[in-house]
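First comes the structure, then the notes that go with it.
The values are calculated or read from the model by the stated rules, or taken from the named source; none is laboratory data. Here the structure is a predicted model, which is why all the values come from computation and not from measurement. Neighbour counts are summed over all protein chains in view; Cβ atoms, including those assigned to glycine, are modelled from backbone coordinates with ideal geometry.
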Amino acid sequence: MDEIVIISGKGGTGKTSLTASLAFLARSALLADCDVDAPNLALLLAPEVLERASFTGGRKASIRSRDCTACGRCLEECRFDAVRNPEPGRYAIDGGACEGCGVCVRFCPAEAIDFEPEVSGEWMISSTRCGSMVHARLHPGGENSGKLVSLVRQKARQLAEAEGSHLVLVDGPPGVGCPVIASVTGASRVLVVTEPTVAGVHDMERVLQLARHFTIPASVCVNKWDINPEMSERIEAAAAKTGADVVGHLRYDPGVTAMQMEGRAPVEAATPIAEDIRRLWARLEVAE
Ligand code: SF4
Ligand code: SF4
């Protein structure tokens, strides 16, 4: 089974529109939206949710005041300054600051600290006009987005197997942090979407380094290449240096925004950019 992860060094490069377009062009791909902090693929594919479940990302500590002997050990041991001592003899934990490490629970001599799993998001299996999709949403401030990303990928692969699909298309998170690492580890290939700006080159280099570190084959797509052809050439050269190939140049198409507002992928109309995306898809040579 092939798993292609579409990523970019930062948000707003057209990654999700491209993923939706590839989903439309693929005949039987299973889709996964791993941008769990800002899952936008659903905005373009209007999923009908078939199954929904809570995601428990970690644990939070809380003190049972009736059992607390006010020894102050938890305040001493917490490296995250999450334990408060608002008045003499009273201790409490700031849930927002608690990192769920469990140290206070271990050291509390009175066993007065509860350590309950915390629901920090949800994941869903949906049906879309391009096939089945696994997606998720982390609650604001929710912990463990990397764990949720891994869960989405795992569910997507399971569903692909069950449906007999040989391709999983993943809309990855932006950046190069933990959620991105969780979205690319073990993937067959990453497709990096970038734009011809100085920041675009820099961001692309960072994600290509990441892909190289994990020995994942990488391809590059330059979105809006024609707004700065010179910079696009620089991108091509920088990509080649890392062993990545440029599989697509997408022109600037002002019609894309209007299609996004209508909840449609760029290839769903006879737009100029649709031809570029079809060429890119052919160059990816995906066996389905
Ligand atoms: S679980 Fe860890 S972070 Fe949370 S209050 Fe206890 S020691 Fe601090
Ligand atoms: S370590 Fe336990 S008993 Fe001591 S102050 Fe903290 S919660 Fe209370």
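Descriptive notes on the structure:
- Cross-chain or 6+ apart pairs with Cβ under 7 Å, region 260-287 first and hydroxyl-bearing (S, T, Y), then in a loop (DSSP other than H, G, I, E, B): T271/D253
- Within the set S219, S183, the sole residue that is under 23 Å from A32 (Cβ atoms), polar (S, T, N, Q) and assigned to a strand (DSSP E or B) turns out to be S219.
- Single match in A211, A282 (criterion: surrounded by 20 or more Cβ atoms within 10 Å (Cβ to Cβ), among the small types (G, A, S) and either farther than 19 Å from R189 by Cα or out of contact with any Phe, Trp or Tyr (no Cβ under 7 Å at 6 or more places or on another chain) (or both)): A211
- Among residues of region 121-148 being small (G, A, S) and within 25 Å of L75 (Cα to Cα), the one that is surrounded by the fewest Cβ atoms within 10 Å (Cβ to Cβ) is G141.
- A Cβ distance below 7 Å, combined with a sequence gap of six or more or placement on separate chains, defines the contacts here; from region 79-97, residues that are touching a residue at least 24 places away in the same chain (Cβ under 8 Å) and more than 22 Å from P140 (Cβ to Cβ) reach residues that are of a type outside the set (S, T, N, Q) and within 7 Å of ligand 1 (Cβ to nearest atom) in the pairs Y91/C74; Y91/V83.
- Sole residue being within 12 Å of ligand 1 (Cβ to nearest atom) and at pLDDT below 95, chosen from R59, R106: R59
Quick grid of which residues meet (1) more than 30 Å from Y91 (Cβ to Cβ); (2) more than 19 Å from the chain's Cα centre (by Cα):
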site	(1), (2)
P117	no, yes
S127	yes, yes
V152	yes, no
E163	yes, yes
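- Note on region 1-104: enclosed strands (runs of 3 or more DSSP E) holding 2 or more residues that are under 23 Å from R279 (Cα atoms) and either in contact with a Gly (Cβ under 6 Å, 6 or more places away or on another chain) or of a type outside the set (A, V, I, L, M) (or both) are 2-8.
- The residues of region 152-176 that are surrounded by fewer than 22 Cβ atoms within 10 Å (Cβ to Cβ) and more than 19 Å from G14 (Cα to Cα), listed by number, are Q154, K155, R157, Q158, L159, E161, A162, E163, G164, H166.
One line per residue, one yes/no per condition, for (1) farther than 25 Å from S183 by Cβ; (2) aromatic (F, W, Y):
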position	(1), (2)
F214	no, yes
A218	no, no
D226	yes, no
M231	yes, no
K241	no, no
T257	yes, no
G263	no, no
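- Of everything listed in (1) under 30 Å from C68 (Cα atoms); (2) part of a loop (DSSP other than H, G, I, E, B), the single unmet condition for P140 is (1).
- In region 237-254, the residues that are under 14 Å from S219 (Cβ atoms) and in contact (Cβ under 8 Å) with a residue 12 or more places away in the chain reach residues that are buried (at least 16 other Cβ atoms within 10 Å of the Cβ) and hydroxyl-bearing (S, T, Y) with C-beta atoms within less than 6 angstrom, at least six apart or across chains, in these pairs: D245/S219; V247/S219.
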